[in-house]
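K.L.:
Below you'll find the structure I mean.
Every read-out reported here was derived from the displayed coordinates using simple, explicitly stated rules and does not represent laboratory data. Quick caveat, the model's predicted, so the values are computed rather than measured. Positions of Cβ are backbone-derived with ideal geometry, glycine not excepted, and every protein chain shown enters the neighbour counts.
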Ligand code: URP
Ligand code: ZN
Ligand code: ZN
């Protein structure tokens, strides 16, 4: 047999254009891209009427994360199956440094948890939580290992995860020397803790319920931290990446900084683009608690504009799944809600439906946001995030005519609720192909447990990614 798979009659989508072509896959790689490919294959996929994208890459997921007194409900096996069902072929999770241990200890420990379970390819961001000059010295070795991004929390002081400004500044300085990317969760810890205490009274919680989560996190909580991180990045000449950005102020700050050539990039997530903080006032408002919290219409509008204009380069999900039972442990106290939401399984149809179908994004821009830019900024391009011959055959085939109502009961995730329950979507991934193997078909997992590989990443490409139309 000449090829393993030939995908025929589809339209290939890249960040710069779309065109009709066939793709032939041999082994783990794309062998040929061209018109009317002849030859035998074990499997011919007729992709008439469908769009062929590089597999989606979700650079922000937390599988089996110990957090808020519990552990997120999708583990490496089930969470990566869910990702595959949603068209995602690579995820990036997090390796949290333990006090007194090294970053490489954290990466190796996380790999032990993931390697035998993970069903799609994956990488890790290293998370310093115990900063010292030794940790700074280690960053270069972590890069050589293949982990080229570091994530620092400007919040979560009581959880012991916070990086103070001196740590962030020092990491940014180092990033300019070694070419790493410094991701930050930008929220202003001191004022957030102050406001949290204000709402953490019986009277306030009786009056506002889960909405206290929103009240304690006004936009300036994110804006101040984004502004401060940008100030440090500019002064240090570092490479900054704002994770899960949720505010219009954040988008403006990134835009301004980029106009001064500060190396700052940002991602947002479907829930910040599509859900409003009014949800916290509903009976089940506590389910939606995530950090940063959901914002308002004008933020959503500005974030969509930022995706189009380039101040937001990536859509990720910040998947951190907690079941109803886990969320219900809050018992009326907003500070006890496990923070996070499911998302990796629905990012593609949501962005296709709410972005491309509505005309907010072109199909090419969607390709940049969910596939090509993640690969470039995270140092995996063109092995991941492209449809070029010789690269990994990571492919997602989207059917623009498929209609699907999001229903957690039909999804792979362990989550027993969905923030998008009942939403109608089109653009369901019909096939997800990982290194030449079909790992999901029509939303059902078809791959093998443990077949995902750890991806050794190179230096982030901060120049060539697709930043706007
Ligand atoms: O609420 C969230 N986002 N949970 C996951 C941890 C984080 O801050 O990203
Ligand atoms: Zn975060
Ligand atoms: Zn996160």
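K.L.:
Rounded to the nearest 0.05, what FRET efficiency is calculated for residue 282 and residue 190 with R0 set to 45 Å and r the Cβ-Cβ distance? Don't skip to the end; give the middle numbers.
P.N.:
Details: r = 31 Å, r/R0 = 0.68.
So, using R0 = 45 Å, E works out to roughly 0.90.
K.L.:
Let me ask you something else. Quickly work out the residue 8-to-residue 70 label distance, labels modelled 7 Å from Cα along the C-beta direction, and quote it in nm with one decimal.
P.N.:
Computed distance between label sites residue 70 and residue 8 equals 5.0 nm.
K.L.:
Compute the acute angle (0 to 90°) between the alpha-carbon long axis of helix 248-259 and the principal axis of greatest extent of the alpha-carbon atoms of the chain; round to the nearest 10°.
P.N.:
In the chain, helix 248-259 runs at an angle near 70 degrees to the longest axis.
K.L.:
Take the alpha carbon atoms of segment 394-456, find their center, do the same for segment 300-377, and report the distance between the two centers in whole angstrom.
P.N.:
Between the Cα centre of segment 394-456 and that of segment 300-377, the gap is 15 Å.
K.L.:
Based solely on its DSSP helices, what 222 nm [θ] is calculated for the chain when runs of n ≥ 4 H residues each add -39,500 (n - 2.57) and the sum is averaged over all residues, nearest 500 deg cm²/dmol? List each step's numbers first, then the result.
P.N.:
Working: 15 runs with 140 residues, N = 469.
Helices in the chain give a 222 nm mean residue ellipticity of -8500 deg cm²/dmol.
K.L.:
Report relative contact order for segment 180-227 in percent, whole number only (criteria: Cα-Cα under 8 Å, sequence separation at least 6).
P.N.:
Values: 31 pairs, mean separation 26.7, N = 48.
Relative CO of segment 180-227 lands at 56 percent.
K.L.:
Sticking with this structure for a sec: Relative contact order for the chain: what percent, with Cα pairs under 8 Å and sequence separation of 6 or more? Intermediate results must be reported in sequence, preceding the final value.
P.N.:
On the way: 1192 pairs, mean separation 104.3, N = 469.
In percent, rounded to a whole number, it is 22.
K.L.:
Here's another thing I want to ask about it. Have a look at the chain and give its Rg and Dmax from the Cα atoms, expressed in angstrom.
P.N.:
For the chain, the Cα-based Rg and Dmax read 21.1, 73 Å.
K.L.:
FRET efficiency for residue 444 and residue 206, Cβ-Cβ distance as r, R0 = 41 Å, nearest 0.05?
P.N.:
Numbers: r = 45 Å, r/R0 = 1.11.
Computed FRET efficiency for residue 444 and residue 206 comes out at 0.35.
K.L.:
Just to be sure I understand: of the beta bridges DSSP finds with both ends in the chain, what percent are antiparallel, rounded to 5? The partial results should precede the final answer.
P.N.:
Working: 32 of 68 bridges.
The antiparallel fraction comes to roughly 45 percent.
K.L.:
Which whole-number percentage describes the relative contact order of segment 244-321, with Cα contacts under 8 Å and a sequence gap of 6 or more? Show your work: numbers first, answer last.
P.N.:
Details: 105 pairs, mean separation 35.3, N = 78.
For segment 244-321, the relative contact order is 45 percent.
K.L.:
Here is a further query. Once label points are set 7 Å from the Cα along Cα→Cβ at both residue 421 and residue 388, what is their separation, rounded to one decimal in nm?
P.N.:
For the pair residue 421/residue 388, the computed spacing is 4.5 nm.
K.L.:
If you don't mind, there's one more thing I want to ask. Between helix 133-145 and the chain, what is the angle of the helix's C-alpha long axis to the longest principal axis, kept within 0 to 90° and rounded to the nearest 10?
P.N.:
Relative to the chain, helix 133-145 is tipped by roughly 10 degrees.
K.L.:
Also: Is the shape of segment 186-231 rounded, prolate or oblate, going by the alpha carbon gyration tensor and its root eigenvalues a ≥ b ≥ c, with a/c under 1.5 for rounded and a/b larger than b/c for prolate? Mind showing how you got there, number by number?
P.N.:
Details: a/c = 4.91, a/b = 2.65, b/c = 1.85.
Because a/c hits 1.5 or more and a/b exceeds b/c, segment 186-231 counts as prolate.
K.L.:
If packing is taken as the average number of other Cβ atoms within 10 Å across a peptide's residues, how do 313-323, 334-344, 64-74 rank, most packed first?
P.N.:
The densest-packed peptide leads the list: 313-323, 334-344, 64-74.
K.L.:
Related question: Which of rounded, prolate, oblate describes segment 1-86, given a ≥ b ≥ c as roots of the alpha-carbon gyration tensor eigenvalues and a/c under 1.5 marking rounded, otherwise prolate only if a/b is larger than b/c? Before the final figure, lay out the partial values.
P.N.:
Values: a/c = 3.51, a/b = 2.26, b/c = 1.55.
Taking the square roots of the gyration eigenvalues as a ≥ b ≥ c, segment 1-86 is prolate.
K.L.:
Oh, and also: Please state the shape class of segment 415-468: rounded when a/c is under 1.5, otherwise prolate if a/b exceeds b/c and oblate if not, all from the C-alpha gyration tensor.
P.N.:
Verdict is oblate for segment 415-468.
K.L.:
Here is a follow-up. If the chain between residue 20 and residue 405 were fully stretched, how many nm would it gain, using 0.36 nm times the residue separation less the Cα-Cα distance?
P.N.:
Numbers: separation 385, 0.36 × 385 = 138.60 nm, distance 2.91 nm.
Full-extension gain reported as 135.7 nm.
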